[in-house]
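Notes follow the structure.
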Amino acid sequence: MIARLDHPGSGPARRWAAVNCAAQPVDLVLPVAETLAASVALALADFDGGWLVIEGATLANLDFVIPGDDPTGAHAAWYAGPHRMGAGTIDHLGLHAGRKDGAAWLHGHGWFSAPGWDGPRMGHILPLESRLAAPVRAHGWGVTGATLAVTQDVETGFPLFQPIPTTARDGAALITLRPNQDIGAALVAAATEVGITRGRVFGLGSLVHPRLRGQAPIDSFATEILLTEGRLMDGRADLKADIVTLAATTHQGWLEPGVNGVCVTAELLLIAD
């Protein structure tokens, strides 16, 4: 059974959103801009959005958060931080690019470092507070036919990415998953709905008390995760993740099928074989 987390609002019966799209491999240079979100948007200007991986990038400013409690009680989970690295380095970051209130936005989880830094190493980067120090290469997928747009979610109380169609495309899908369902089983069901039964999975999200194959249960009611490998085939999703907990501890491994409940959201790009 999955571990569950009670959210403040009532959720809809439909527990995922899935929109077909096209995805093209990209190798881009992100220019220096006022914010990291703007740098990513400029690099992906020919697309509706995308999934990018950044490695070895020095930022003029790097701010991030990790999972935390909400002292107001308005949310089942919240953030701790911000942790301010200053001129820190993105060691490895995976991000979805989209829009919020009509402006560039991104949602990225990754690993960070800075000289003398003794705080958390993994977390959720802040896209408006963080800024590149120099242009940097990124690789991943440019998406057309759909985009991720932030909308206010009644169930969790968070502003969350949701996939929005733009033009008719196929070959891939943007998928978001709601809380309290196994991430792998829900992905299989959503993928079947959009006609994809085999493919590669990219993305990020959050889990409740994650379970990794061959490892002890992780004692954290909220975690942030970054998928590092993902395959969909034969009615099953095999997902490998990096995880950061409420205590800033980190874990890596393959998610145990059937027991990894989504905490707040999972945002996934599925590329059909």
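The values are calculated or read from the model by the stated rules, or taken from the named source; none is laboratory data. For clarity, every value in this text was computed on a predicted model and none was experimentally measured. Here Cβ is always computed from backbone atoms with ideal geometry, including for glycine, and neighbour counts include all displayed protein chains.
Please indicate, with yes or no, whether at least one residue in region 250-272 is of a type in the set (S, T, Y) and farther than 25 Å from L52 by Cβ.
Checked against the condition, which is being of a type in the set (S, T, Y) and farther than 25 Å from L52 by Cβ, region 250-272 yields no hits at all.
Among the residues of region 12-23, what is the count of those that are touching a Lys or Arg at 6+ places or on another chain (Cβ under 6 Å) and not hydrophobic (A, V, I, L, M, F, W, C)?
Summing the residues that are touching a Lys or Arg at 6+ places or on another chain (Cβ under 6 Å) and not hydrophobic (A, V, I, L, M, F, W, C) in region 12-23 gives 1.
Kindly provide the set of residues from region 29-42 that are crowded, with 20+ Cβ neighbours inside 10 Å and among the hydrophobic types (A, V, I, L, M, F, W, C), ordered by number.
Selection gives L30, L36, A37, A38, V40, A41.
For a quick check of your reading: which strands (runs of 3 or more DSSP E) sit entirely within region 88-153 and have at least 2 residues that are surrounded by fewer than 22 Cβ atoms within 10 Å (Cβ to Cβ) and charged (D, E, K, R)?
Answer list for region 88-153: 89-100.
When region 39-52 is examined, which residues are found to be outside any helix (DSSP H, G or I) and under 21 Å from V150 (Cβ atoms)?
L44, A45, F47, D48, G49, G50, W51, L52
Which of the residues spanning region 235-258 are among the charged types (D, E, K, R) and part of a strand (DSSP E or B)?
Within region 235-258, R236, D238, K240, D242 meet the criteria.
Among the candidates V65, V32, which residue alone is of a type in the set (A, V, I, L, M), touching a Phe, Trp or Tyr at 6+ places or on another chain (Cβ under 6 Å) and more than 30 Å from V194 (Cα to Cα)?
Exactly one of V65, V32 is of a type in the set (A, V, I, L, M), touching a Phe, Trp or Tyr at 6+ places or on another chain (Cβ under 6 Å) and more than 30 Å from V194 (Cα to Cα), namely V65.
Does A114 count as more than 19 Å from the chain's Cα centre (by Cα) and either closer than 28 Å to G49 by Cβ or in contact (Cβ under 8 Å) with a residue 40 or more places away in the chain (or both)?
yes
Please find, within region 226-256, the residue that is farthest from A172 (Cα to Cα) out of those that are among the small types (G, A, S) and surrounded by 15 or more Cβ atoms within 10 Å (Cβ to Cβ).
Top of the filtered list is A248.
Would you say D101 is more than 17 Å from the chain's Cα centre (by Cα) and either within 25 Å of A146 (Cβ to Cβ) or assigned by TED's automatic domain parsing to the domain that holds S220 (or both)?
The answer is yes for D101.
When region 18-38 is examined, which residues are found to be touching a helix residue (DSSP H, G or I) at 6+ places or on another chain (Cβ under 8 Å) and either outside any loop (DSSP other than H, G, I, E, B) or among the hydroxyl-bearing types (S, T, Y) (or both)?
The answer is A18, L28, V29, L30.
So T72 passes all but one of these: (1) outside any loop (DSSP other than H, G, I, E, B); (2) of a type in the set (V, I, T); (3) exposed (fewer than 14 other Cβ atoms within 10 Å of the Cβ). Which condition number does it fail?
So T72 meets the others, but not (1).
Would you pick out the residues in region 1-57 that are among the hydroxyl-bearing types (S, T, Y) and at pLDDT 95 or above?
Selection gives T35, S39.
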